[in-house]
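The values are calculated or read from the model by the stated rules, or taken from the named source; none is laboratory data. All values reported here derive from a predicted model rather than from experimental measurement. Every residue, glycine as well, gets a Cβ built from its backbone with ideal geometry; the counts of neighbours run over all protein chains shown. Heavy atoms of the whole protein, side chains included, go into the accessibility calculation; ligands, DNA and RNA do not. Shrake-Rupley method; radii C 1.70, N 1.55, O 1.52, S 1.80 Å.
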Amino acid sequence: MRILAADQFQLKREVEYGTPEQNEAVRQIVAAVQKEGDAALLRYTEQFDGVRLEAGSLRVPEEEIQAAYDRVDSDFLIAIREAAVNIRAFHEKQMRKSWMDLQPDGSMLGQIMRPLKRVGLYVPGGKAAYPSSVLMNVIPAQVAGVPEIVMVTPPSTGGKEGIDPYILVTAAEAGVKEMYRVGGAQAVAALAYGTSSIPPVDKICGPGNIYVALAKRLVFGAVNIDSIAGPSEIIVLADDSADPSYVAADLLSQAEHDEMASAILVTPSQKLAEAVASEVEKQLAELPREAIARRSIDDYGAILTVGSIEEGIAVVNRLAPEHLEVMTEDPMRYLGMIENAGAIFLGPYSSEPVGDYFAGPNHIIPTNGTARFSSPVNVDDFLKKSSLIYYSKEALMASGEKIITLARHEGLEGHARAVEIRLEREGGKGK
Ligand SMILES: NC(=O)c1ccc[n+]([C@@H]2O[C@H](COP(=O)([O-])OP(=O)(O)OC[C@H]3O[C@@H](n4cnc5c(N)ncnc54)[C@H](O)[C@@H]3O)[C@@H](O)[C@H]2O)c1
Ligand SMILES: N[C@H](CO)Cc1c[nH]c[nH+]1
Ligand SMILES: [Zn+2]
């Protein structure tokens, strides 16, 4: 793993925006789905997932979901059920209520929270299947009260049977009833614009590779999206107190997701930098997904040396990683200085996979610097707000003149008159 001074490091642009070829591919896929609907979905599923589907078979039937239970082991079921309990408990704390404030003059102001009606949840399943992402998508939507939850996932990891059975069982456990075997940019386009098999949704949430991330960005506006949750990222901020083998293992935990994943160590310790570089080599050679992780580490990974932990935090805030691990003596000390990071893991035992699978916080987290302004998927993603205004006669008579003044300053006479007509008629003013 290359070791370089932090000020010599520039994250590759394609992590942020995709290559021109990837952008063009996504544009074409989205346009084809808009034009041809299901026919395009079947074509791309064969091309990218190697699965030839019959027309009308995009929706996963109930029997297939039930049959998947015979193909998963009980250890998995026990673990996923306990993870679901933790994830639900965490997200229930996020739920916000509608509120109404009665004023002394009889007026009332408030905010009504309503769940979105129909959401589309993307569960990745290209190079690996992600049952954990089913829970991270579905549970906050359920806590918000969304009545129509639709899941899409590519049928590439489940062999000739199509979808990975662990995804199907997790979705069934979570109570998902509507699932489609389609992934990538084509699935995002189908959810956004609808096809004859897949009615459109109001919002698309969920993580995915660069094609999924670019497609979400492209359809934003026709539908809402959660964030750009693309190829995974981790920064470990560590000093001499960190165990190099833990640091290397955690870097590789994210590098193995995708060739475009990014794993970076930021440290003021040359000794740790060298020890981690050699640990990464050692551990990489033992990883089943060595080829993917090696490309990620070579192309997007780095060990960045800085003068101090405080300087390291400035680098972190600039890169705004999806995940940040702080493995320093007294990690709590630095918490107040960390401004941009999707999820912050503190201390040597909060290894990133603890958050990926089990602790409860959401693992669908903004990438490519967008943690500057976006958040992990949360219950608010599935709620919308309506403001409520009830002005009493007394309140309007008391503030009407000020409203008229503001309207006339904007040159909007119609606005002014809408208030003035009431003041004239009922407030004993004017004509
Ligand atoms: N940020 C997060 O919150 C988060 C969480 C979990 C996973 N992830 C990321 O999700 C991704 C999962 O990726 P994956 O590939 O395993 O599954 P995926 O489901 O995201 O993507 C698979 C799909 O990509 C499309 N695709 C692949 N190659 C293509 C090409 N050349 N042209 C057009 N489309 C193509 C295909 O349609 C395929 O079905 C990883 O990048 C991982 O890091 C991110
Ligand atoms: N680390 C991923 C988010 O970038 C989430 C995940 C799911 N499974 C394993 N990891
Ligand atoms: Zn992960």
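Here are the numbers for the structure shown:
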quantity: Number of the exception - Asn86 against (1) open to solvent by 40 Å² or more (accessible area, probe 1.4 Å); (2) farther than 22 Å from Ile364 by Cβ; (3) not charged (D, E, K, R); calculated: (2)
quantity: Residue check, Gly411 in contact (Cβ under 8 Å) with a residue 12 or more places away in the chain and either outside any loop (DSSP other than H, G, I, E, B) or farther than 30 Å from Pro231 by Cβ (or both); calculated: no
quantity: Residue in region 144-158 that is farther than 24 Å from Glu290 by Cα, more than 14 Å from the chain's Cα centre (by Cα), small (Gly, Ala, Ser) and more than 12 Å from ligand 1 (Cβ to nearest atom) present; calculated: yes
quantity: Among the residues listed as Ala359, Ala398, the single one being within 16 Å of ligand 1 (Cβ to nearest atom) and not assigned by TED's automatic domain parsing to the domain that holds Leu109; calculated: Ala359
quantity: Helices (runs of 4 or more DSSP H) completely within region 161-243 that count 1 or more residues being within 15 Å of the chain's Cα centre (by Cα) and in contact (Cβ under 8 Å) with a residue 12 or more places away in the chain; calculated: 184-193, 210-219
quantity: Residue within region 265-277 that is within 15 Å of ligand 1 (Cβ to nearest atom), of a type outside the set (S, T, N, Q) and under 20 Å from Ala293 (Cβ atoms) present; calculated: no
quantity: In region 32-54, residue most open to solvent (accessible area, probe 1.4 Å) [restricted to those that are closer than 15 Å to Tyr180 by Cβ and part of a loop (DSSP other than H, G, I, E, B)]; calculated: Glu54
quantity: Residue count, region 290-343 (criterion: more than 18 Å from Asp239 (Cβ to Cβ), part of a helix (DSSP H, G or I) and open to solvent by 20 Å² or more (accessible area, probe 1.4 Å)); calculated: 9
quantity: Verdict on Asn378 being open to solvent by 20 Å² or more (accessible area, probe 1.4 Å), within 13 Å of ligand 1 (Cβ to nearest atom) and under 30 Å from Ile80 (Cβ atoms); calculated: yes
quantity: Residues located in region 213-262, provided they are within 13 Å of ligand 3 (Cβ to nearest atom) and hydroxyl-bearing (Ser, Thr, Tyr); calculated: Ser232, Ser253, Ser262
quantity: Some residue of region 127-142 being crowded, with 24+ Cβ neighbours inside 10 Å and more than 15 Å from ligand 1 (Cβ to nearest atom); calculated: yes
quantity: Residue under evaluation Ala263, criteria (1) part of a helix (DSSP H, G or I); (2) surrounded by 23 or more Cβ atoms within 10 Å (Cβ to Cβ), criterion not met; calculated: (1)
quantity: Residue match in region 276-283 (condition: touching a residue at least 40 places away in the same chain (Cβ under 8 Å), hydrophobic (A, V, I, L, M, F, W, C) and surrounded by fewer than 21 Cβ atoms within 10 Å (Cβ to Cβ)); calculated: yes
quantity: Which numbered condition Gly400 misses (of (1) surrounded by fewer than 20 Cβ atoms within 10 Å (Cβ to Cβ); (2) over 30 Å from His91 (Cβ atoms); (3) not acidic (Asp, Glu)); calculated: (1)
quantity: Of all residues making up region 354-396, the number that are in a loop (DSSP other than H, G, I, E, B), under 14 Å from the mean Cα position of the chain (by Cα) and within 15 Å of ligand 3 (Cβ to nearest atom); calculated: 9
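Okay, residues lined up against (1) among the polar types (S, T, N, Q); (2) within 16 Å of ligand 1 (Cβ to nearest atom):
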position	(1), (2)
Thr170	yes, yes
Ala187	no, yes
Tyr193	no, no
Ser196	yes, no
Val201	no, no
Cys205	no, yes
Asn209	yes, yes
Ser227	yes, yes
